[in-house]
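This report concerns only the one structure given below.
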Amino acid sequence: MTGLLLEDVSIGGLREVSLAVPGGQVVCLSGPSGSGKSRLLRAVADLEPHGGRVSLNGTDQQDVPAHQWRRQVVMVPADSQWWFDEVGAHFPDTAGGQFPAALGFPSEVMGWSVSRLSSGERQRLALWRALVLEPEVLLLDEPTANLDSDSTESMEHWLSGEIRRRQIATLWVAHDPAQIHRVANAHYRIQGAALELVHGSD
Amino acid sequence: MEVIDLAWWKLGLAALLVLALAATGYRSRLGISRSLLIATVRTVIQLALIGLVLEALFASSAFYWIALLALVMLLVAGREVVARQGRRLKGWWAFGIGTGAMFVSSFTVTVLALTVVIGPEPWYTPQYAIPLLGMMLGNTLTGVSLALDRLNDAVWRQRAVIENRLMLGQTWQQALEDIRRDAMRSGMMPSINAMAAAGIVSLPGMMTGQILAGSPPAVAVKYQILVMLIITVGTGFGAVMAVSWGGRRLFDERERLRLERLLKP
């Protein structure tokens, strides 16, 4: 089995969640706030103790050191954090050269001070910061929450393209039905303690 | 030169000054009078008692009595490390890590200074061992508690940053790097400042005491230099151990940040 596989994962209110995300595909998760979407992503990234099994291309999460797992299974939280003064310090040295135009930044952005970035700009840069790690899996927690509708669509377009091109298995937490319709190969909604398939292949 | 003994009633004169300060604090509502008075009473009682203990100890010089006193000093220091941290690890961890770090660093350095540098016969002669260990523990206590307090508080405040760094595949050591540096700095600062100011801004207490007791200043200065060096070394290694053990405890075997292991202040 290639891609990301969740078997009987339990965390918080969620019980025995099973789910498969093949490489290059986007599975959207939706549900009311507090239903445990973010915590499910945190379980997949192994940031919280959880039950059940998570594996990537047949390798069990618990069989690799945690930081190596998170190097391949990268989560982008809803509010990204920046701890150095300059944007560029958060990126590997090689990341500046291939900066994608679709993000809507001039190439000097790496020299900018983090404090002058808006929350939407931070969000876009956080996605790029995750992508330069060349992950196998992306866990996106409302990646377009701080963006206006124009940049939301262009970000979605760019992100979906990167996901397909790099064959990244993606779990994407989203609210907006229109966005889910645009990006998802499959869509699950959280109903109480379980996931319910809304559309897509099983 | 004989030392002038102090009569107890003369100490009472100094105590009157403390009362005057407490009264001033009370009238201007500074909120310090209560703790000032309690601390004054504590220092008088504690020092009077240790005076008696030391008199007895110096008379007997048996190793096990000295070891027992050292153990009591260590445990009290460990309790104090716990009390001085705002957020601290739950259970026995706060006490265990603080006491362990102080034990390894101050006992090792004190024994080393006694056997290799000073060399009294026997090496545990209480006139040397107890005051030296007391100064070591007192300063290591400050360093370890400052470092642990800073570590726990910073981890609590910056939990989102730490987790975001973990999400990007950093190890727990990398995610904690800046915080550990800060914690080490706050633990070491008092000793570094004391060394920098020694002799110019301040005449350190031990040297002053020795000179008052009639030692030639040249000897007193050498002892003071020795004490400052070993205090700094003891504090530094104590803080290094406390920060690395404390930091390790904040993460589990899967390198997850486990903030529920911290007690709310």
**OP:** Please find the FRET efficiency linking B:Tyr26 to A:Leu103, where r is the Cβ-Cβ separation and R0 is fixed at 56 Å, and quote it to the nearest 0.05.
**Re:** 0.35
Original post:
Got a sec to turn the phi values of region B:249-263 into Karplus ³J(HN,Hα) couplings, 6.51 cos²θ - 1.76 cosθ + 1.60 with θ = phi - 60°, whole Hz, x for Gly and Pro?
Top reply: 5, 6, 10, 9, 5, 9, 6, 9, 6, 10, 5, 5, 7, 9, 8
Original post:
Against the longest alpha carbon principal axis of chain B, how many degrees, from 0 to 90 and to the nearest 10, is the axis of helix B:126-157 turned?
Top reply: 30 degrees
Subject >> Debye log10 I(q)/I(0) for chain B, one point scatterer per Cα, at q = 0.09, 0.10, 0.17 Å⁻¹ >> reply: -0.52, -0.64, -1.36
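Starting from the eigenvalues of the Cα gyration tensor, five times each then square-rooted, give me the equivalent ellipsoid semi-axes of chain A, largest first, whole Å. Could you put the intermediate results ahead of the total?
Working: eigenvalues 153, 71, 49 Å².
Each semi-axis is the square root of five times an eigenvalue, giving 28, 19, 16 Å.
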Subject >> Reduction of at least 50 Å² in accessible surface, 1.4 Å probe, comparing all protein chains with the chain by itself, residues of region B:145-190 >> reply: B:Val161, B:Glu163, B:Asn164, B:Met167, B:Leu168, B:Gly169
**OP:** Determine ³J(HN,Hα), in whole Hz, for all residues of region B:89-97 in sequence, where each value follows from phi through the Karplus function 6.51 cos²θ - 1.76 cosθ + 1.60 and θ = phi - 60°; x replaces Gly and Pro.
**Re:** 5, 6, x, 7, 4, 4, 5, x, 5
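Could you put A:Asp176, A:Asp79 in order of accessible surface area, largest first, with the 1.4 Å probe and the full protein assembly present? Please report the intermediate quantities before stating the final value.
Values: A:Asp176 70, A:Asp79 100 Å².
Accessible-area ranking of A:Asp176, A:Asp79, largest first: A:Asp79, A:Asp176.
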Subject >> Dimensionless Rg ratio for the protein assembly as shown, taking C-alpha atoms and the 2.2 N^0.38 Å reference >> reply: 1.33
Subject >> Cleavage-rule hits (chymotrypsin sites (Phe, Trp or Tyr not before Pro)) in region A:15-121: DSSP loop, at most 13 neighbouring Cβ within 10 angstrom >> reply: A:Phe84
Original post:
Which of the residues in region A:64-79 lose at least 20 Å² of accessible area when you go from the chain alone to all protein chains together (probe 1.4 Å)?
Top reply: A:Ala66, A:His67, A:Arg70, A:Arg71, A:Met75, A:Pro77
**OP:** Mind giving me the nanometre distance, one decimal, between the label points for B:Leu11 and B:Ile38, set 7 Å out from Cα along Cα→Cβ?
**Re:** 2.2 nm
Original post:
For the protein assembly as shown, what is the accessible area per residue in Å² when the probe is 1.4 Å?
Top reply: 51 Å²
Original post:
B:Val111 versus B:Leu229, label points 7 Å from Cα toward the beta carbon: distance in nm?
Top reply: 2.1 nm
Original post:
Say we join alpha carbon atoms closer than 10 Å with springs in a Gaussian network model of chain B; which of B:Ser215, B:Ser28, B:Ser106 then has the biggest fluctuation?
Top reply: B:Ser28
**OP:** Taking only Cα atoms and a 10 Å spring cutoff, compute GNM fluctuations for chain B and point out the largest among B:Leu176, B:Leu52, B:Leu30.
**Re:** B:Leu30
Original post:
With labels modelled as points extended 7 Å from the Cα through the Cβ direction, what inter-label distance (nm, one decimal) is found for B:Ala197 paired with A:His181?
Top reply: 7.0 nm
Original post:
If R0 is 56 Å, what FRET efficiency do you get for A:Ser18 and B:Arg157 from their C-beta distance, rounded to 0.05?
Top reply: 0.90
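Expressed as a fraction of 2.2 N^0.38 Å, the rule-of-thumb size for a compact globular protein of N residues, what is the C-alpha radius of gyration of region A:122-202? Intermediate values should be presented prior to the final figure.
Working: Rg = 12.9 Å, N = 81, 2.2 N^0.38 = 11.7 Å.
Rounded to two decimals, the normalised Rg is 1.11.
Please work out the FRET efficiency for the pair A:Gln191 and A:Asp63, using the Cβ-Cβ distance as r and a Förster radius of 51 Å; give the result to the nearest 0.05.
With R0 = 51 Å, the Cβ-Cβ based efficiency is 0.95.
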Subject >> For a label point 7 Å along the Cα-to-beta-carbon line of B:Ser215, residues of region B:181-200 with backbone N under 16 Å >> reply: B:199
Original post:
Any idea what angle helix B:8-27 forms with the longest principal axis of chain B, computed on alpha-carbon atoms, 0 to 90 degrees, nearest 10?
Top reply: 40 degrees
Original post:
At a 1.4 Å probe, what is the % contribution of carbon and sulfur to the accessible area of region B:62-263?
Top reply: 67 percent
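The values are calculated or read from the model by the stated rules, or taken from the named source; none is laboratory data. On a predicted model such as this, the values are computed, not experimentally measured, just so you know. Neighbour counts run over all protein chains shown; Cβ positions are idealised from the backbone, glycine included. The area values use the complete protein model at the heavy-atom level, side chains included, leaving out ligands, DNA and RNA. Shrake-Rupley method; radii C 1.70, N 1.55, O 1.52, S 1.80 Å.
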